[in-house]
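Okay, structure first, notes after.
The values are calculated or read from the model by the stated rules, or taken from the named source; none is laboratory data. Because the structure is a prediction, the values reported are computed rather than measured. So basically every Cβ, Gly included, is an ideal-geometry build from the backbone, and we count neighbours across all protein chains shown. Ligands, DNA and RNA are stripped out before the accessible areas are found, and what is left, the full protein with its side chains, is counted by its heavy atoms. Shrake-Rupley method; radii C 1.70, N 1.55, O 1.52, S 1.80 Å.
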Amino acid sequence: MKLIKLARPSLVQFDPDQPLAKTVDSMIAHELISAPVVQNKKIVGILNLASAQKKIHKGAVLVKDAMQTDIIIYKEGMELEDALLENNSWFPAEDAQGNFVGIIMTKTLISYLSNKLVNQSQHSQELFEQASVKQLNLELDTIIESSFDGIAICDHEGRGMRFNQAHARLTGLDASHFIGQHINDLFEKGIFEYESITAKALREGRTITSVQNISPTGKQVLVTSYPIFDNEGKVSRVVSNIQDISELHKLSDLVQLELSIESSMGESATSASKYSYQERQYILPRPLIDTAVSRLGDELSQSKFLATHQTELPELMIEQLRKDKIIVKSPEMLKLFNLAIRTARTDSTVLLLGESGVGKEVLSRVIHNTSTRASSGRFIQINCGAIPETLLESELFGYEAGAFTGANPQGKPGMFELANLGTLLLDEIGDLSANLQVKLLRVLQEQEVYRLGGISPIKLNVRIIAATNCNIWERVQEGVFREDLFYRLYVLPIEVPPLRERKEDILPLTMHFIHLYNEKYGVEKHFDPKAISILESYGWPGNVRELQNVIERLLVVTEEDLVQPMHVLTQLSKFKNKVNSPITVNEILPIQQAKEMLEKELIIMAFNCYPSIRKAAEALGLDHSNVMRKATKYGIKKEYKIYS
């Protein structure tokens, strides 16, 4: 097997004679836990971040003084089981000449071998008796058992096929709970606190990462389920990777030693600790799996570093997200928040772009709270579109005593003065009048402000963040917004995507709002998983703000403790006249493919919302037999057809 083809280049590698301290700084900057050490194109060791930090304290100077040298390297033509490094998620690889060519991820091998097994099994049942398939099974078993992470494989019906000992160790459940059993039975029996992530990945045909609580054992694990597709594009297997969240916390603690954040947000951090993992998940697909959020109130003891994991840890971002109680799951938003936190290290002007309700104000607070200005000044915000021009000028720049009739006899400082040494958010900057645009431009250029009626300039040291939900460049071209002011603001632009483009955030946000309003109104209501699916499929033109309002309204108006799919559809249908179309088109597809996708979604939704197939058919305007025929065509199983 030419596994060498699976090796990917290592973007960061070090020389054994490099200074150790600078190398550790570089690993933290690149958010790496471990990296290969290469000399003359030959791999000579692996440098683990935790070990390196400990060795620095003991006086180690060079990389070679701290690197791990007893490593096993995959060489071209080598047997797989001889190459695997026990309890490792990756291993280095060499070509036939002995040159280092990159690293091979265990996850990649699992997907590769699983796909190969599935494809071979479709040719003939007899193929499973042949030696090549047996060898593939042996190799797959070797990989599964060598992984420190828990691994489980389910078939196309969601029944357990294989799992490793690490899976039993992390979940506290033995083989009787998985092998031959339908995975979602664990949820129905109360063993899983939440719907099975594997079952959801099987149903939706996409990779899903989430947190699961194991009720009998009290374990909390992070699960990532990857669907495997056959030649016909159908899901034939689901491979699930399980990590103990407490182990991720230990990784976080070690990297956190390098962080320099001195936050003044102790009160908000304390209040944040009351959220459960499921409600406060910050999740990335592997290898950024370390973004599961820990409870802030936990006092984690010193731990043994899991040196064999190569996991990227944007810990500065994770820490700030926890402190600011930010709910993030999608890779796009995590990258965006990471960019925002890196931006906070400078004083450059930031321009936040995005639709109303996407979270621009939240992002601006993260930038302020992560910067050094959080300890020296305040975060001040003003909505430039909500205040009349005549009042906005005095609010921004302040006024001297007697500046105009009705003015405060002592005068009043403006927002710029109040934000001195801190951050000023100018929200809806695109609505600023032409007159105030000129004055704002001068303030930005000169870093000083004149109060209304004043004759002496007041020097400023303010970080400016501007935000708008309009296309500000179009306003420049229309002559409504000054071009020179645009370029003053367009230094570090950050565009926040709408919620419909980051659907992974809908579930954690929903769980957060459910917790928030349950506590606010003294109730204990929860959502049916099928109701959650409807929320995830909705377009959310009002973004996070609309989602929050809908969740609050559902918890208030629903009499039952269980919010059902029909309740959600009833609330969402009230806004159908406010949206041009109930269908959102995100990309161009062949008409026939789009038609089939729409038919499938409509049938699934109808089956979820009506107690019988006949009633679902009536709602769809089709006869019973036609609906049954289409359901069979799209592989919609019985579990969708009856809602109970």
task: Return the distance in nm (one decimal) between the two label points of a simple spin-label model at LYS41 and GLU478, each offset 7 Å from Cα along Cα→Cβ.
output: 6.0 nm
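Given contacts defined as C-alpha pairs under 8 Å and at least six residues apart, what's the relative contact order of the stretch 591-634, whole-number percent?
33 percent
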- prompt: What GluC sites (Glu not before Pro) does the stretch 395-504 have in DSSP loop regions with at most 11 other beta carbons within 10 Å?
  reply: GLU478
field: Where a label projected 7 Å from the Cα of LEU562 along Cα→Cβ would reach, residues of the stretch 193-219 with amide N under 14 Å
entry: 195
ALA401 versus LEU589: modelled label distance in nm, points set 7 Å from Cα along the beta carbon direction: 7.0 nm
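Give me the dipole magnitude in Debye, nearest 20, for the stretch 147-249 about the Cα centre, with unit charges on the beta carbon: positive for Lys and Arg, negative for Asp and Glu.
Working: 10 positive and 13 negative charges, 13 e Å.
Charge dipole, the stretch 147-249, about its Cα centre: 60 debye, nearest 20.
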- request: Report the relative contact order of the stretch 147-249, percent, no decimals, based on alpha-carbon pairs under 8 angstrom and at least 6 residues apart.
  value: 28 percent
query: Dipole of the stretch 327-497, Cα-centred, from +1 at each Lys and Arg C-beta and -1 at each Asp and Glu C-beta, to the nearest 20 debye?
result: 680 debye
- prompt: Taking R0 as 25 Å, what's the FRET efficiency between ASP15 and LEU421 from their Cβ-Cβ distance, rounded to 0.05?
  reply: 0.05
- prompt: Full extension from LEU436 to HIS57: what is 0.36 nm times the residue separation minus their Cα-Cα distance, to one decimal in nm?
  reply: 130.8 nm
- prompt: Using 0.36 nm per residue, how much length does the chain from GLU193 to LEU598 gain when fully extended, once their Cα-Cα distance is taken away?
  reply: 142.6 nm
task: Determine the relative contact order of the stretch 327-497: mean sequence separation of Cα pairs under 8 Å and six or more apart, normalised by residue count, in whole percent.
output: 33 percent
field: Inter-label distance, nm, simple model (7 Å from Cα along the C-beta direction), ILE72/ILE387
entry: 6.7 nm
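Quick check on the stretch 371-414: take the gyration tensor over C-alpha atoms, sort the square-rooted eigenvalues as a ≥ b ≥ c, and tell me if it's rounded (a/c under 1.5), prolate or oblate.
Oblate.
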- prompt: Which net charge results for the neighbourhood of SER348, defined as the other residues with beta-carbon distances under 13 angstrom from its beta-carbon, given Lys and Arg at +1 and Asp and Glu at -1?
  reply: +4
message: Solvent-accessible area of ASP65, probe 1.4 Å, all protein chains present, reported in Å² to the nearest ten, please.
response: 80 Å²
statement: Summed over the other residues with a beta carbon less than 14 angstrom from that of LYS412, with K and R at +1 and D and E at -1, the charge totals -3
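Among bridges DSSP assigns within the stretch 327-497, what percent are antiparallel (round to 5)? All intermediate terms of the calculation are to be shown ahead of the outcome.
Details: 4 of 22 bridges.
In the stretch 327-497, DSSP labels about 20 percent of beta bridges as antiparallel.
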Within-14-Å neighbourhood charge of GLY402 [Cβ basis; K, R +1; D, E -1]: +1
